[in-house]
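Okay, so here's the structure we're looking at.
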Ligand code: NAD
Ligand code: TYD
């Protein structure tokens, strides 16, 4: 892989993946990061990468739905492999306004597939990043495997399911060399503070209410973002073409317990001024419509075939994440105030 196209590299997971590839992995090629810079994309995340790896890193502001621009990027940079992260990613937003999800997640993926189809002889691999939410919801027992039928429940997961089907169909129909990974909920540094974990960390730090949807007994399997990135790179190097791999963190927890855990860790070192326990800030709020009860991943295939397993326990990962948000208040302030958007406007047309 000499010229790897990473889409959505200024988002949460894409940032970690680019940092991991250039700073820690055995990748020696060039990364071309294409990102539309929606509210979730922050190129400031990669300023150090831009400085430290001028030969190995290029950023292009672009929309994956723009067929002309994407074709130009493939040709201009001699793209020979793709790692496709770009998406609208937040379930709550997809409930309020699904349009962008259909455009980017389905049409944008289709567009990338068409670019790849017309350059098949140059393409080593198209790796598509997806979610376990395509499988729907589990009861108390059982795990999602790669054979679990798709049964998405939100506009977000339905759009991701649609893109997964397209990627797989391009393999069967046109011989596209592709792999797909479906992972569980990620957490870690640089996550936009609309998602549960960063939202709770920041609200709890500031003594604000902690919103827990419904009864708080919904279960997610939490995957530390760095573990996700090592899994993706393992699949990109060794994954069998045409295959899907599930990626999980072996860290199932009910939302309420997770929120309580964050409260207790913060109370250890950063007491609230009035010395109340942060658990007192928890508020049960109206549930999300169509809220999936439980996700849990069986990643035996990835473990047995490619010898991958996650390293972070939920507690070590959460502690590292809390530390990051404490140490990066400026990042938080710029993101929350929208200052990063102003910076984007002055730097990119
Ligand atoms: P994110 O929302 O933090 O980042 C998405 C990035 O894509 C942003 O930088 C945004 O600017 C960019 N983008 C959006 N629309 C674009 C377009 N039309 N053209 C180009 N760029 C565009 O998302 P994330 O959490 O980093 O997720 C990355 C991928 O991983 C997504 O495909 C998501 O579905 C998948 N995923 C995420 C999780 C999770 O817990 N975060 C779990 C499973 C799967
Ligand atoms: P989220 O981080 O939005 O990820 P996803 O919807 O993709 O799983 O939410 C994680 C879980 O936390 C989910 O069960 C919804 C719940 N949740 C809350 O209880 N309160 C909140 O404020 C948010 C954002 C999520």
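Every number here is computed from the coordinates shown, using simple stated rules; none is lab data. Source: prediction; values computed, not measured. FYI the Cβ positions are ideal-geometry reconstructions off the backbone, even for glycines, and counts take in every protein chain you see.
What angle do you read, to the nearest 10 degrees and between 0 and 90, between the alpha-carbon axis of helix 225-238 and the longest principal axis of the chain?
20 degrees
Using the alpha-carbon atoms, what tilt in degrees (0 to 90, nearest 10) does helix 67-76 show relative to the longest principal axis of the chain?
Approximately 70 degrees, to the nearest ten.
Can you put 178, 261 in order, fewest other beta carbons within 10 Å first? Write out the running numbers ahead of the final one.
Numbers: 178 24, 261 16.
Listed from fewest to most nearby Cβ atoms, that is 261, 178.
Which peptide among 281-287, 124-130 comes first, and what is the full order, when sorted by highest mean count of other Cβ atoms within 10 Å? Before the final figure, lay out each step's value.
Values: 281-287: 13.3, 124-130: 22.3.
In descending order of packing, they fall as 124-130, 281-287.
Return the tail of the calculated pair distribution for segment 29-78, meaning the percent of Cα-Cα pairs more than 15 Å apart. Spell out each step's value before the answer.
Working: 581 of 1225 pairs.
Above the 15 Å cut-off, segment 29-78 has 47 percent of its Cα pairs.
Would you compute the Debye intensity of segment 29-116 from its alpha-carbon atoms alone, equal scatterers and no solvent, and pass along log10 I(q)/I(0) at q = 0.17, 0.19, 0.20, 0.24 Å⁻¹ to two decimals?
For segment 29-116, the Cα-only Debye profile gives -0.77, -0.93, -1.00, -1.26.
Would segment 207-349 count as rounded, prolate or oblate if I go by the C-alpha gyration tensor, calling it rounded below 1.5 in a/c and otherwise prolate when a/b exceeds b/c, oblate otherwise?
oblate
Using Stokes-Einstein with the Kirkwood hydrodynamic radius over Cα pairs, what translational diffusion coefficient do you get for segment 109-197 at 10 °C and a viscosity of 1.306 mPa s, in µm²/s rounded to a whole number? Walk me through the numbers on the way to the answer.
Working: Rh = 14.7 Å.
The estimated diffusion coefficient comes to 108 µm²/s.
Between Rg and the Kirkwood Rh of segment 230-274, both from Cα atoms, what is the Rg to Rh ratio? Can you show the working numbers first?
Working: Rg = 18.6 Å, Rh = 14.1 Å.
We get a ratio of 1.32 for segment 230-274.
What ratio of Cα Rg to 2.2 N^0.38 Å holds for segment 1-156?
Values: Rg = 16.4 Å, N = 156, 2.2 N^0.38 = 15.0 Å.
That works out to 1.09 for segment 1-156.
How far is helix 196-205 tilted, in degrees, relative to the longest principal axis of the Cα atoms in the chain, given as a value from 0 to 90 rounded to the nearest 10?
40 degrees
Could you give P(r) for segment 271-349, binned at 10 Å from zero, as whole percent values over all Cα-Cα pairs?
12, 18, 32, 28, 10, 0
What is the Cα coordinate range of the chain on the first, second and third principal axes, sorted by size from largest, in whole angstrom?
Ordered largest first, the chain gives principal extents of 64, 48, 38 Å.
Using the alpha-carbon centroid of each, what span in Å lies between segment 1-27 and segment 83-156?
19 Å
Using per-residue counts of other Cβ atoms within 10 Å, averaged over each peptide, order 78-84, 182-188 from highest down. Please list the in-between numbers first.
Values: 78-84: 21.9, 182-188: 24.3.
In descending order of packing, they fall as 182-188, 78-84.
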